[in-house]
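Everything below concerns the one structure shown next.
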Amino acid sequence: MGQSRTHRLDSLDATHDLGARLGGALGPGDVVLLTGDLGAGKTTLARAVIAKMCGIEDAPSPTYTLVQIYDTADGGELWHADLYRIEEASELEELGLEDAFDFAVCLIEWPDRLGDALPPDRLEILLTGGGTGLESGREARITGFGRWEERLDHI
Ligand SMILES: Nc1ncnc2c1ncn2[C@@H]1O[C@H](COP(=O)(O)OP(=O)(O)OP(=O)(O)O)[C@@H](O)[C@H]1O
Ligand SMILES: [Mg+2]
C-alpha cells in the first residue's frame, strides 16, 4: 500500500528545499517516480535534487534526450529520465533504465511509461496544483513503497 506524506509547495523555494532534503536522503539504487501534469514541477524538483547531489545548478530537462546521466559527489551515478516521448517498450529497453535501478539514483518523469516494470522499493511523488484557479496551491504527495515506507520521515 505504501506510506504517504504531503508537503505544501507554495513557492519555488519550497520545491528547492524539498529537492535538497531528498538529495540528502537518496543513494545508489534509489528510484524516485515523479508524476503530475505538464508543468506540475517535476523537472524543477529533479533539478533541485541534482543540484544537491551533483553540484549542477541548471540541469537541462531530458525532454528530448530522454535521459541525462550525472556523477554524484559520492562517486555514483544519477539518472534523470523523462519518458513522455517513449512510445514502444523497445525504446525503454534501449535506455537501460531498468539496469540503472540497481546501481544509480534514478529520477523518472512520466513513469507511467514503465508499465508494470516498477521496482518494489521506490518513492512516488505526485505533484499537483500550479493552476490559476482557487485550488492552485501546489503540493507534493510522497508515497514510499518497500523499504521507503520506513525512510519517509527522513525527507
Ligand atoms: N513550487 C513552485 N512554485 C512556483 N512555480 C513553480 C513551482 N514548481 C515549479 N514551478 C514552475 O512551473 C513551471 C513548470 O515546471 P517544470 O518544468 O518543472 O514542470 P514539469 O512537471 O517538469 O513539466 P513537463 O511535464 O512538461 O516535463 C516552471 O516554470 C517552474 O519554474
Ligand atoms: Mg519536465
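Please report the carbon-and-sulfur percent of the accessible area for the chain; probe 1.4 Å, protein heavy atoms only, DNA, RNA and ligands left out. Intermediate results must be reported in sequence, preceding the final value.
Working: 3830 of 8160 Å².
C and S atoms contribute 47 percent here.
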For the chain, the per residue accessible area (1.4 Å probe, Å²) is 53
Scan the stretch 42-113 for chymotrypsin sites (Phe, Trp or Tyr not before Pro) in coil per DSSP, keeping those whose Cβ has at most 13 other Cβ atoms within 10 Å, and list them by number.
64, 103
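What shape does the chain have by the C-alpha gyration tensor, where a ≥ b ≥ c are the square roots of the eigenvalues, rounded means a/c under 1.5, and otherwise prolate means a/b greater than b/c and oblate the rest?
Details: a/c = 1.32, a/b = 1.23, b/c = 1.07.
Here the chain falls in the rounded category.
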3J(HN,Hα) from dihedral phi, the stretch 111-121, Karplus parametrisation 6.51/-1.76/1.60, rounded to Hz, x for glycine, proline:
x, 4, 5, 6, x, 9, 7, 9, x, x, 9
For the chain, modelled as a GNM with alpha-carbon contacts under 10 angstrom, which of 38, 127, 107 fluctuates the most?
38
Vicinal HN-Hα couplings computed from phi for the stretch 80-87 (Karplus, 6.51 cos²θ - 1.76 cosθ + 1.60; Hz; Gly/Pro x):
10, 10, 10, 8, 3, 8, 6, 10
Value in Å of the Kirkwood radius, where the stretch 3-49 supplies the Cα pairs that are averaged
11.4
Name the residue from 137, 16, 104 whose Cα lies farthest towards the positive end of the charge dipole of the stretch 3-154, charges +1 on Cβ of Lys and Arg and -1 on Cβ of Asp and Glu.
137
List the relative contact order of the chain as a percent without decimals, with contacts defined as Cα pairs under 8 Å and 6+ residues apart.
34
Note on the stretch 74-132: alpha-carbon gyration tensor, axes a ≥ b ≥ c; rule is a/c under 1.5 for rounded, else prolate if a/b larger than b/c, else oblate; result oblate
Which loop trypsin sites (Lys or Arg not before Pro) in the stretch 48-137, with loop taken from DSSP, have no more than 15 other Cβ atoms within 10 angstrom of their Cβ?
85
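Given only helices, namely DSSP H runs of n ≥ 4 each adding -39500 (n - 2.57), what is the per-residue ellipticity at 222 nm of the chain, to the nearest 500 deg cm²/dmol?
On the way: 5 runs with 42 residues, N = 155.
So the calculated ellipticity at 222 nm is -7500 deg cm²/dmol.
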Candidates 23, 36, 131: whichever shows maximal mean-square fluctuation once the chain is modelled as a Gaussian network with Cα springs under 10 Å
131
To the nearest 20 debye, what is the magnitude of the charge dipole of the chain about its Cα centre, counting +1 on the Cβ of each Lys and Arg and -1 on the Cβ of each Asp and Glu?
620
Give me, ordered by chain and number, the residues 5 or more places off residue 3 or on other chains with an amide H under 5 Å from its own placed amide H.
144
Would you work out the charge dipole size for the stretch 95-155 about its Cα centre, treating the Cβ of every Lys and Arg as +1 and the Cβ of every Asp and Glu as -1, and quote it to the nearest 20 debye?
200
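I'd like the antiparallel share, as a percent to the nearest 5, of DSSP beta bridges with both residues in the chain. Don't jump to the answer; show the numbers that get you there.
Numbers: 18 of 31 bridges.
Restricted to the chain, the bridges split so that about 60 percent are antiparallel.
The values are calculated or read from the model by the stated rules, or taken from the named source; none is laboratory data. Only a predicted model underlies this, so the values are computations on that prediction, with no experimental measurement involved. No Cβ is skipped: glycine too gets one built from the backbone with ideal geometry, and neighbour counts run over all protein chains shown. With ligands, DNA and RNA removed, areas are computed over all heavy atoms of the protein, side chains included. Shrake-Rupley method; radii C 1.70, N 1.55, O 1.52, S 1.80 Å.
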